[in-house]
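Heads up: the structure comes next, in structure tokens.
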Amino acid sequence: MALDYLIVGAGLFGATCARILADAGCSVHVVERRSHIGGNCYDELMGDLLVNHYGGHIFHTNSRKVWEFASRFTEWLPYEHRVKAVSGGRMYSFPVNLMTLYQVYGICSPGYAESMVPNGKLTPDLYRMFFEGYSRKQWGDVTPAGVIERVPVRLTWDDRYYSDTYQAMPAKGYTQMIENMLEACTVTLDTDYNGDREYWDKKAHRVIYSGSIDELCGCELGRLPYRSLTWENMELASDYQGCATVNYCDGDVPYTRILEWQHYGHRSRPGKTLITHEFATDFEPGKNEPMYPVASDTSDILYQRYKARIPENMFVGGRLGSYRYWNMDQAIGQAMKLCGEL
């Protein structure tokens with residue numbers, strides 16, 4: 001007897017769909033290409049530190065519905081993400097706030113700062129210091145529209161990276177949280193849906209797909225552009241940088257940022273620390289993972305052409321399926337909306 005739903009991908013979008021539909025009494029099976037659940041949120045213990053395998057992830061949202069849904073599956077560690085930025089060999093408060101303006105211009109008066117950063121728009125000096133080199137490393141020659149606007153400019157002393165109402169880290173990690181979400185479903189790992197789509201389509205009346213939409217269609221119209229990441233871990237003595245993330249903004253520094261895992265929801269402690277150098281790179285199929293959709297008019301047209309090929313009994317979503325640079329709460333919110341409609 002056919003299942004009600006086959007869900008492709010065990011990341012946050014897929015896991016949210018699976019849980020909501022299972023709770024509604026539907027029969028659900030999840031297939032995942034990788035050897036683990038959790039998608040890019042997957043984390044694991046390295047020694048006694050919980051480390052995100054695919055770069056740092058911080059849960060933050062202004063949606064009470066998303067927060068309450070996620071809170072069913074985890075306890076939280078209160079956490080407000082703080083970042084520093086190194087430019088020209090000097091470390092600055094970041095994102096740009098009154099402390100940053102004081103460090104750069106010797107200004108700390110909100111009124112005078114407003115005249116220097118009108119309507120929160122960066123001066124050419126600030127853009128060159130903090131975004132020009134970093135964006136070129138992260139995105140290549142062309143930075144997608146809207147990316148810079150994701151980083152706030154504040155004319156206050158608030159140096160938090162996010163100002164959302166709800167901010168925290170899962171107490172036992174994202175993998176455990178997503179495992180709790182999937183406990184009502186069957187899951188098959190190491191399984192490429194696109195490698196045997198005819199077989200899997202017979203298993204269920206409907207399919208919810210959260211992988212790359214161009215891969216779903218065999219890349220027949222060409223590949224959608226993505227950027228990817230690589231990482232290098234290093235174990236050092238004691239506290240290395242005093243915060244979770246330090247951005248390296250100069251173009252001649254090969255990495256984009258350094259992550260220090262003891263600060264991700266945990267306190268500084270004596271002894272050893274683990275840091276990760278993060279490098280941005282082009283996506284190469286079979287070699288690395290598609291992490292960031294590179295939005296442009298051209299890529300959006302190609303995405304829409306692929307979307308028009310999706311059959312009626314299939315629903316596509318998530319960051320890759322929607323080809324959107326989304327945060328975790330947006331992926332959960334999209335899944336909640338979709339399942340509410342279904």
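Since every read-out is calculated from the coordinates, none of them should be taken as a lab result. Treat the numbers as computed from the prediction; the structure is a model and nothing was measured. Every residue, glycine among them, receives a Cβ derived from its backbone with ideal geometry; neighbour counts consider all protein chains shown.
Scanning residues 5 or more positions from Thr273 or on other chains, those with amide H under 5 Å from its amide H are Leu236, Ala237, Ser238, with H placed 1.01 Å from N in the peptide plane.
When the chain is treated as a GNM with alpha-carbon contacts under 10 Å, the residue of Ser109, Ser135, Ser322 showing the greatest mean-square fluctuation is Ser109.
The antiparallel fraction among DSSP beta bridges confined to the stretch 1-95 stands at about 70%. Shown here: the stretch 189-296, whose C-alpha atoms stretch 55, 32, 21 Å along the first, second and third principal axes, sorted largest to smallest.
Restricting attention to the chain, the count of lysine pairs at 8 or more positions apart or across chains with alpha carbons under 27 Å apart stands at 16. The spacing between the stretch 294-315 and the stretch 145-203, judged by their C-alpha centroids, is 21 Å.
Work out the P(r) tail for the stretch 1-114: percent of alpha carbon pairs separated by more than 16 Å, whole number. Cα-Cα pairs in the stretch 1-114 separated by more than 16 Å: 75 percent. Using only C-alpha atoms and all pairs of different ones, pull out the Kirkwood radius for the stretch 149-191 in Å with one decimal. After inverting the mean inverse Cα-Cα distance, the result is 14.1 Å. The amide H of Asn97, built 1.01 Å from its N in the peptide plane, has Arg154 as neighbours under 5 Å, considering only residues 5 or more places off or on other chains. Highest mean packing first, where packing is the average number of other Cβ atoms within 10 Å per residue, the peptides 194-205, 252-263 line up as 252-263, 194-205. With contributions of -39500 (n - 2.57) from each DSSP H run of at least four residues, the per-residue ellipticity at 222 nm computed over the chain stands at -7000 deg cm²/dmol.
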